[in-house]
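The values are calculated or read from the model by the stated rules, or taken from the named source; none is laboratory data. Computed from a predicted model, the values in this text were never measured in an experiment. No Cβ is skipped: glycine too gets one built from the backbone with ideal geometry, and neighbour counts run over all protein chains shown.
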Amino acid sequence: MEIQKVKEILITILLGVCVIGFIFFLGIASYNLYKLIPYYWGGGSSYGSNLPSIYGTCDKLDDDTYVISVSINTYNKEMKNVKCQLASKGGMQADKEEETIGAVSPNSSDFCEFTLKGKRAGSIRVRVNYLLKSWFGYKEYSTIVDPYCSSPYIEHKETPTWNQE
């Protein structure tokens, strides 16, 4: 009779372990399915991405002055230690070489701004380094922003008028 009780206890323990294992397996499978759904719908790394949107603009104030702005928009993740550095000044003098932003909270934006003076002789580029929050701390990223400025080689003159005789 005692052997029968021991068998029942062992079978109960074995069934309990199997149930716990099945629940664990089901949880992992559900999580993986949840993570893969964006890839199925054409998303993945670009669509629905948590990476920030970083782009640059260039405004020409007068013949020898340009204002370069780099806009940084975050989505669901926090950024910190954002550093904007002029990688290429186009042969001009800058008011500063780099600008640092301490942190950009999720779903917000900030910007870096540089003023360049002088005769432009090349491209203008800004390197943006930042730390983006991930599951295991922060991961370092870097990107180059190439803001569009009108060409330094094209002189804008009056629009020609056609002789209409």
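Side notes on the structure shown:
- Condition check for V6: part of a helix (DSSP H, G or I), of a type outside the set (F, W, Y) and modelled with pLDDT of 80 or more: yes
- Residue, surrounded by the fewest Cβ atoms within 10 Å (Cβ to Cβ), within the stretch 135-164, restricted to residues that are modelled with pLDDT under 85 and either in contact with a helix residue (DSSP H, G or I) (Cβ under 8 Å, 6 or more places away or on another chain) or of a type in the set (G, A, S) (or both): S151
- The test for being in a loop (DSSP other than H, G, I, E, B) and among the aromatic types (F, W, Y) holds for Y148.
- Strands (runs of 3 or more DSSP E) enclosed by the stretch 35-119 - at least 3 residues per element that are more than 19 Å from the chain's Cα centre (by Cα) and at pLDDT 85 or above: 53-62, 65-73, 109-117
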